[in-house]
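**Q** One structure follows; several queries about it will come next.
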């Protein structure tokens, strides 16, 4: 069997296994905490999500991902690397009950990535961009350990012993692959990627507080201009835009899950003006707060 036929055979087996586990729409957690599956039986509207450092392999269907103003189109057989926590809007473009959109996600641990850096010669980025998200066609070197990991889900005893070894192998394959340098940027001690990761962590913890760029820059030991430049380079957003997206994502959750009124949600995420909140919410989510939430509730019913 040639390498291409083997790759296709392994992908078909992995797709069948994921569909077997992901019987209902949405996210399905597995016995291995870092591993989850996603299923959609029909195209969807844009939904907000926070991508953490992860590998996301699309096995069937098609998805569009919007980070800031930059759009990524993920086709089946392509994996996404997210090297940093970033808010995105994702939309399933192609899916049906007969051929659902299926995705496998493996959460990545930056400290474990850092353990490999002294032993691995990293490839250079193919382009000058240091974006925190990138797409690549899956290779046999990455697909094979993913398939072995999913096969272990039926054997809990083997899973607990062998999954850490497979995860370590996967990190090595990712670091030595096409997106290795991109993934490593958050694990290089004292590097700009790690500094931006610390800035992002602060923003996530204080999204409802006033943001002073100079104070944030001092906190992560960067100049204000350097922070702004490298933050935008990695996230496709400025720190202020990033904070605004965090606020609007959380506001949608408050309105939908906790039943907050618009003024309360606006105040809780840091807005002093409900009218400004409603304008920015409409621009980001495509409809005013109440109309957007009512639409989402009708879809879920």
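This table checks each residue for (1) part of a helix (DSSP H, G or I); (2) in contact (Cβ under 8 Å) with a residue 24 or more places away in the chain; (3) surrounded by fewer than 15 Cβ atoms within 10 Å (Cβ to Cβ).
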residue	(1), (2), (3)
211	no, yes, no
217	yes, no, no
221	no, yes, yes
233	yes, yes, no
242	yes, yes, no
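**Q** Considering only residues that are surrounded by 21 or more Cβ atoms within 10 Å (Cβ to Cβ) and under 18 Å from the mean Cα position of the chain (by Cα), look in region 92-104 and name the one that is nearest to residue 46 (Cα to Cα).
**A** It comes out as 92.
**Q** So, one more: Somewhere in region 7-17, is a residue part of a strand (DSSP E or B) and either free of Cβ contacts under 8 Å to residues at least 40 places away in the same chain or touching a helix residue (DSSP H, G or I) at 6+ places or on another chain (Cβ under 6 Å) (or both)?
**A** Our first condition is that a residue be part of a strand (DSSP E or B); within region 7-17, this holds for none.
Among the residues of region 7-17, not one is part of a strand (DSSP E or B) and either free of Cβ contacts under 8 Å to residues at least 40 places away in the same chain or touching a helix residue (DSSP H, G or I) at 6+ places or on another chain (Cβ under 6 Å) (or both), which makes the answer no.
**Q** Then there is this: Take residue 187 and decide whether it is part of a helix (DSSP H, G or I), within 27 Å of residue 118 (Cβ to Cβ), in contact (Cβ under 8 Å) with a residue 40 or more places away in the chain and under 20 Å from the mean Cα position of the chain (by Cα).
**A** It is false that residue 187 is part of a helix (DSSP H, G or I), within 27 Å of residue 118 (Cβ to Cβ), in contact (Cβ under 8 Å) with a residue 40 or more places away in the chain and under 20 Å from the mean Cα position of the chain (by Cα).
**Q** Sticking with this structure for a sec: Answer yes or no as to whether residue 24 is under 24 Å from residue 205 (Cα atoms) and either touching a strand residue (DSSP E or B) at 6+ places or on another chain (Cβ under 9 Å) or assigned to a helix (DSSP H, G or I) (or both).
**A** Working: under 24 Å from residue 205 (Cα atoms): no; either touching a strand residue (DSSP E or B) at 6+ places or on another chain (Cβ under 9 Å) or assigned to a helix (DSSP H, G or I) (or both): yes.
So residue 24 does not fit the description; no.
**Q** What number of residues in region 1-47 are within 22 Å of residue 165 (Cα to Cα) and under 20 Å from the mean Cα position of the chain (by Cα)? Outline the logic, then answer.
**A** Our first condition is that a residue be within 22 Å of residue 165 (Cα to Cα); within region 1-47, this holds for 7, 10-11, 13-14, 17-18, 29-37.
Subsequent filtering for residues that are under 20 Å from the mean Cα position of the chain (by Cα) retains 18, 29-30, 32-37.
Number of matching residues: 9.
**Q** In addition: Which strands (runs of 3 or more DSSP E) sit wholly inside region 46-142 and have at least 1 residues that are within 18 Å of residue 168 (Cβ to Cβ) and not assigned by TED's automatic domain parsing to the domain that holds residue 285?
**A** Values: elements: 47-51, 54-60, 62-67, 70-75, 78-82, 86-94, 101-107, 133-137.
Result: 54-60, 78-82, 101-107.
**Q** Run down 198, 252, 268, 212 and say which single residue is under 18 Å from residue 50 (Cβ atoms) and either more than 21 Å from the chain's Cα centre (by Cα) or in the same structural domain as residue 112 (by TED's automatic domain parsing) (or both). Spell out the reasoning first.
**A** Numbers: 198 fails: either more than 21 Å from the chain's Cα centre (by Cα) or in the same structural domain as residue 112 (by TED's automatic domain parsing) (or both); 252 fails: either more than 21 Å from the chain's Cα centre (by Cα) or in the same structural domain as residue 112 (by TED's automatic domain parsing) (or both); 212 fails: under 18 Å from residue 50 (Cβ atoms).
Checking each option against the conditions leaves just 268.
**Q** Answer yes if at least one residue in region 181-194 is buried (at least 16 other Cβ atoms within 10 Å of the Cβ) and either touching a strand residue (DSSP E or B) at 6+ places or on another chain (Cβ under 8 Å) or closer than 29 Å to residue 273 by Cα (or both), and no otherwise.
**A** Looking for residues that are buried (at least 16 other Cβ atoms within 10 Å of the Cβ) and either touching a strand residue (DSSP E or B) at 6+ places or on another chain (Cβ under 8 Å) or closer than 29 Å to residue 273 by Cα (or both), one finds at least one in region 181-194, hence yes.
**Q** What's the number of the condition residue 237 fails, among (1) in a helix (DSSP H, G or I); (2) touching a strand residue (DSSP E or B) at 6+ places or on another chain (Cβ under 8 Å); (3) closer than 30 Å to residue 297 by Cβ?
**A** So residue 237 meets the others, but not (1).
**Q** I would also like to ask the following. Do you know which residues across region 11-33 are within 22 Å of residue 139 (Cα to Cα) and crowded, with 16+ Cβ neighbours inside 10 Å?
**A** Step one: list which residues in region 11-33 are within 22 Å of residue 139 (Cα to Cα), which gives 11-19.
Matches in region 11-33: 11, 14, 15, 17, 18, 19.
The values are calculated or read from the model by the stated rules, or taken from the named source; none is laboratory data. Note that the structure is a prediction, hence the values are computed from the model and not measured. For neighbour counting, all protein chains shown are included, and Cβ atoms are generated from backbone atoms with ideal geometry for every residue, glycine included.
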